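As structure tokens, the structure follows; a few thoughts come after it.
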Amino acid sequence: MDRRKFIVGAGLTALAAASPISLDAANKRGKRINVNHRGKSGKLKLSFEPYELKLRHAFNLARYSRTTTPDVQVKLEYDGIVGYGEASMPPYLGESVESVTKFLSSLDLEQFTDPFRIEDILTYVDNVAPNNRAAKASVDIALHDLLGKIMGQPWYKIWGLNPEKTPVTSMTIGIDTEEKVRQKVEECRGFKLIKVKMGLDKDQETINIIREMMPDVPICVDVNQGWKSKEHGLEMCHWLAERNCWFVEQPFDKEMIDETAWLRERSPLPIIADEAFQRLPDIVRFKGVYDGINIKLMKSTGLHEAYKMVTLARALDMKVMVGCMTETSCGVTAAANLSPLVDYADLDGNLLIANDRFSGMTVENGKITLHDIPGIGIKLLAGK
Ligand code: MG
């Protein structure tokens with residue numbers, strides 16, 4: 001055996017030992033693998049820059065309105081391979097460009113010479129400071145992108161998931177004037193599920209417009225904590241159930257636990273938690289309060305914990321939804337890798353912005369479509 005073949009062989013054997021990927025799969029993709037990835041000289045290098053997301057439409061929710069979302073784009077490099085990540089910071093989560101850059105600046109990832117030590121690396125990142133969930137997610141996403149590229153495989157394959165089992169994704173219609181709602185409904189043609197933001201005084205009016213324009217497409221509603229009384233919530237759930245609605249997300253203030261449990265007992269529609277939780281330990285107390293959870297990478301600190309959330313929710317016999325913030329295709333595609341495991345998906349954040357930097361997962365005939373691209377499954381667009 002010549003020296004080069006020996007080195008490639010040794011590298012693949014080491015890779016197979018270090019990861020759940022079969023040696024067969026690694027051999028078939030051998031040329032994509034950097035055999036030096038476990039070399040002692042390798043170091044994880046983190047870099048980042050602010051990137052303001054421009055929204056295609058003003059985003060009006062029950063509690064606020066905005067036209068941009070602050071975001072930080074992240075790169076994690078190891079032996080010449082680059083993984084991409086991002087932190088998106090809608091204001092209600094309490095993070096900002098300043099807090100994210102401060103957190104990322106405080107990290108010393110160069111201490112890690114083996115990028116496959118996911119537990120060690122992400123536990124270190126999590127323990128540097130509390131909160132900072134989007135900042136932590138940006139490192140987790142970039143690490144997953146990097147590792148998938150080193151292994152030459154997309155993460156849905158690494159997790160053993162069937163890409164045929166992806167759900168449809170909803171497209172979101174915000175709270176708006178009748179003219180704007182009609183315009184948005186037109187833009188939603190082709191989607192197989194419409195998500196409607198609620199919680200102000202125009203809930204029924206908005207649904208009536210959508211039902212008139214699209215009588216057959218199922219809807220789901222996100223109240224964003226906007227309903228004030230349990231009686232009104234129950235009345236609305238019955239009204240929505242008669243209009244082909246699949247579920248209701250976060251009907252009441254996250255502190256209204258008793259009212260939510262009361263509604264869940266009586267509602268004909270599943271009640272899904274969103275603002276009510278952030279991290280994995282929060283979910284245990286939801287049994288009997290919510291029927292399901294909406295996992296978002298910017299809350300869960302990324303894919304590693306999001307996967308654990310799916311497992312825990314299933315063990316509690318709860319439904320699982322995967323959602324997103326307004327994000328580029330980087331964050332949205334990362335989350336899409338998990339989608340074959342979930343009941344519902346709301347992965348339209350990249351479609352709501354005008355300045356995406358990546359191509360990634362696509363929506364075809366309303367369904368999330370994963371592509372065979374190593375890592376989280378994205379490509380940087382030319383000139384970005
Ligand atoms: Mg929500």
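Per residue, the solvent-accessible area of the range 158-380 (1.4 Å probe, heavy atoms of protein chains only, all protein chains present) comes to 36 Å².
Using square roots of five times the C-alpha gyration tensor eigenvalues, list the equivalent-ellipsoid semi-axes of the range 158-380 in whole Å, biggest first.
27, 23, 14
Label separation (LYS43 vs VAL82): 1.9 nm, computed from points 7 Å beyond Cα along the C-beta direction.
Relative protection proxy for 178-187, 71-80, from highest mean packing down: 71-80, 178-187 (other beta-carbon atoms within 10 angstrom). Considering only TYR307, ALA354, MET321, the residue lying farthest towards the positive end of the dipole of the range 158-380 is TYR307, judged by Cα position with unit charges set on Cβ.
Compute the Rg/Rh shape ratio of the range 30-152: radius of gyration over Kirkwood radius, all on alpha-carbon atoms.
When Rh is taken as the Kirkwood radius, the ratio is 1.05.
THR68: net charge of surrounding residues, Cβ under 12 Å, Lys/Arg +1, Asp/Glu -1, itself excluded? It works out to a net charge of +1.
Projected onto the charge dipole of the chain (+1 at Lys/Arg Cβ, -1 at Asp/Glu Cβ, origin at the Cα centre), which of ILE272, PHE247, TYR156 gives the Cα projection farthest towards the positive end? In the chain, that residue is TYR156. Relative to the globular-protein estimate of 2.2 N^0.38 Å, the Cα radius of gyration of the range 253-309 stands at 1.14.
Given R0 = 22 Å, the distance between the Cβ atoms of GLU242 and GLU212 translates into a calculated FRET efficiency of 0.90. Think of the chain as a dipole: +1 on every Lys or Arg Cβ, -1 on every Asp or Glu Cβ, centred on the Cα centre; then among TYR64, ILE209, ILE194, ILE194 lies furthest on the positive end.
The 1.4 Å probe gives accessible areas that order LYS367, LYS384, LYS102, largest first, as LYS102, LYS384, LYS367.
On the basis of the beta-carbon distance and an R0 of 25 Å, GLU52 and SER105 show a calculated FRET efficiency of 0.80. When the listed pairs LYS202/LYS228; LYS157/LYS319; LYS192/LYS228; LYS45/LYS308; LYS45/LYS157 are checked against a 18 Å cut-off, the alpha-carbon distance exceeds it for LYS157/LYS319; LYS192/LYS228; LYS45/LYS308; LYS45/LYS157. Of the solvent-accessible surface of the range 313-363, computed with a 1.4 Å probe and all protein chains present, 47% belongs to carbon and sulfur. Per residue, the accessible area of the range 30-152 comes to 43 Å² when a 1.4 Å probe rolls over the protein heavy atoms. Within straight-line reach of LYS54, meaning a Cα separation under 24 Å, sit the following lysines at least 8 residues removed in sequence or on another chain: LYS75, LYS102, LYS136, LYS180, LYS184, LYS195, LYS197, LYS296, LYS299, LYS379, LYS384.
The charge dipole of the chain, taken about the Cα centre with unit charges on the Cβ atoms of Lys, Arg (+1) and Asp, Glu (-1), comes to about 1520 debye, rounded to the nearest 20.
By the gyration tensor of its Cα atoms, with a ≥ b ≥ c the square roots of the eigenvalues, what is the shape of the chain: rounded for a/c under 1.5, prolate for a/b over b/c, or oblate? The shape class here is prolate. Using a 1.4 Å probe on the protein heavy atoms, what percent of the accessible area of the range 133-201 belongs to carbon and sulfur? The value for the range 133-201 is 46 percent carbon and sulfur by accessible area. Residues of the range 94-109 with the amide nitrogen closer than 16 Å to a label point 7 Å from the Cα of ASN127, along Cα-to-Cβ, please. Residues 107-109 qualify, since their backbone N sits under 16 Å from the label point. Stretching SER229 away from GLU98 to a fully extended chain increases their span by 43.4 nm, per 0.36 nm per residue minus the current alpha-carbon distance.
Maximal additional length on extending the LYS202-ASP282 stretch stands at 25.6 nm, based on 0.36 nm per residue less the C-alpha distance.
The values are calculated or read from the model by the stated rules, or taken from the named source; none is laboratory data. Note that the structure is predicted; figures quoted are calculated from it, not measured. Here the Cβ is made from the backbone with ideal geometry for all residues, glycine too, and neighbour counts use every protein chain on show. Each accessible area value is taken on the protein alone, full model and side chains, heavy atoms only, with ligands, DNA and RNA left out. Shrake-Rupley method; radii C 1.70, N 1.55, O 1.52, S 1.80 Å.
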